[in-house]
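Following: one structure in structure tokens, then a few remarks.
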Amino acid sequence: MSESLATAVAAETTNHPSARIRRFLDTHRPPTPCLVLDLDVVEHNYRRLRAAMPDARIFYAVKANPHPDVVRLLVGLGACFDVASTGEIDLCLAQGAAPETISYGNTIKKAADIAYAYARGVRLFVLDSAQDVAHLAEHAPGASVFCRVLVEADGARTPFGRKFGCAPEMAIELLRDAGERGLDVRGVSFHVGSQHVDPSAWELGIARAAQVAAAGVPVHLVNLGGGFPSTYTEEVPALTEYAAAVERALDRHFPDRPDLIIEPGRALVGDAGMIRSEVVLVSRKSVEDPHRWVYLDIGRYNGMAECEGEAIAYRLRTTHDGGPDGPVVVAGPTCDGDDVLYQRTAYRLPLALAAGDHVDIPCTGAYTASYSSVSFNGFPPLSTHVIGAKQI
Ligand SMILES: *Cc1c(COP(=O)(O)O)cnc(C)c1O
């Protein structure tokens, strides 16, 4: 097996992230399933995003991959952080982030969590409700705030639905109220939904921010959120197309250019990671059924949460690739009927695939380890190994 893996590695350019990760996996042979994360790729992605959108301050959405080494690397590169909880605040501070570089980006928070964040020095908060305005005025006096507006844009592979944000008319009221209560009103944020494949989606959010500004509310800042894609099985537009779409929308809607923030998660860490899993079982439900069921040692609960609804179609690589293949249903190892990765999405895997073979899953640095359960059904959370020039 390691021979054919070596061939597969040689077939890729040597600087390809997954080639380096495969070398690590083949040398160290850690138990599967595991995620290997290449910090040099995170750094590369950070610099690429900076170059594509030089005017925007980058706040890394910590939930995408909260590994302390990722946070420390990004602190060193001058990034800021979008956090959702007191736990993520502590994590960032412990890795050397200054409190002024942290934005409390979750609109759903307890008064006690606001007070905690404020006590730790956090001074930038998002809100989308009257309750939050009151809590922030009381527990984070004088802090800077922005309001999240609702943007329902088709084209996100994992949409946020209507959970966060409010209508622009309500944002105007909330921000006026916030200003009257002594909070420092900075502007508006939105998130078009994660893995967004249509750059024009950002225009709607920018137009809504402009609508708030037109009502006389200070909009010094527009927070463009995340949504910038990683490469799974479908083609995605280049980062420069997203930057161009944002520029066009700003030109159209904002006579005075606001400061910009972006909050990338997936785009920074997604393709920096690869999961190695092992085939536990290959079987059929009946002799006539052309579909084989391929059960892996990784599933929805120990890393592949984004297979819910088959939202994200990951690439699957095996050492038998190139040989004859056939249709498969891909499932996880637990005794849970929902622990199926792909049954509607047409996947084919080599006929030679058998128990004990590895299945490598590139582009799994985002929303995998951070989503894995503590020990559902006795399967431990996904372990992470970090590589990169500084590590090896
Ligand atoms: C999750 C999240 C992000 C990151 O989204 P990606 O699509 O991974 O870039 C950014 N901002 C907020 C507020 C989030 O909740």
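The values are calculated or read from the model by the stated rules, or taken from the named source; none is laboratory data. No experiment lies behind these values; they were computed from the predicted model shown. For neighbour counting, all protein chains shown are included, and Cβ atoms are generated from backbone atoms with ideal geometry for every residue, glycine included. Surface accessibility is based on the protein's heavy atoms, side chains included, excluding ligands, DNA and RNA. Shrake-Rupley method; radii C 1.70, N 1.55, O 1.52, S 1.80 Å.
A few points about this structure:
- Per-pair calculated FRET efficiency, R0 = 30 Å: D26 and T345 via Cβ, rounded to 0.05: 0.55
- The apolar share of the surface of the range 222-344, taken as the fraction of accessible area on carbon and sulfur atoms (1.4 Å probe, ligands and nucleic acids excluded), comes to 48 percent.
- On Cα atoms only, tilt of 17-28 relative to the major axis of the chain in degrees: 50 degrees
- Here the sum of -39500 (n - 2.57) over DSSP H runs of 4 or more residues, divided by the residues of the chain, equals -9000 deg cm²/dmol at 222 nm, to the nearest 500.
- Computed from Cα atoms, the angle from the helix 239-253 axis to the main principal axis of the chain rounds to 20 degrees.
- E234-D90 FRET efficiency (beta carbon distance; Förster radius 35 Å; 0.05 resolution): 0.45
- Database remark: amide H of V329 closer than 5 angstrom to the amide H of R292, W293, V294 (H placed geometrically; neighbours at sequence offset of 5 or more, or on other chains; Pro and chain starts carry no H).
- Segment A167..D256, full-extension length gain: 29.8 nm, with 0.36 nm per residue of separation and the alpha-carbon distance subtracted.
- Phi angles across the range 132-145 convert, under the Karplus curve 6.51 cos²θ - 1.76 cosθ + 1.60 with θ = phi - 60°, into 3J(HN,Hα) values of 5, 4, 5, 5, 5, 4, 7, 9, 9, x, x, 5, 7, 9 Hz, Gly and Pro given as x.
- Distance in nm between pseudo-label sites at A98 and V280 (7 Å out along the Cβ direction from Cα): 4.9 nm
- Potential lengthening between D325 and D338 on full extension [0.36 nm per residue; Cα-Cα distance subtracted]: 2.1 nm
- Restricting attention to the chain, lysine pairs at least eight places apart or on different chains and with alpha-carbon atoms under 26 angstrom apart total 6.
- Peptides 222-230, 153-161, 34-42 ranked from most to least packed, by the mean per-residue count of other Cβ atoms within 10 Å: 222-230, 34-42, 153-161.
- Rounded to 10°, Cα long-axis angle of helix 68-77 versus longest principal axis of the chain: 50 degrees
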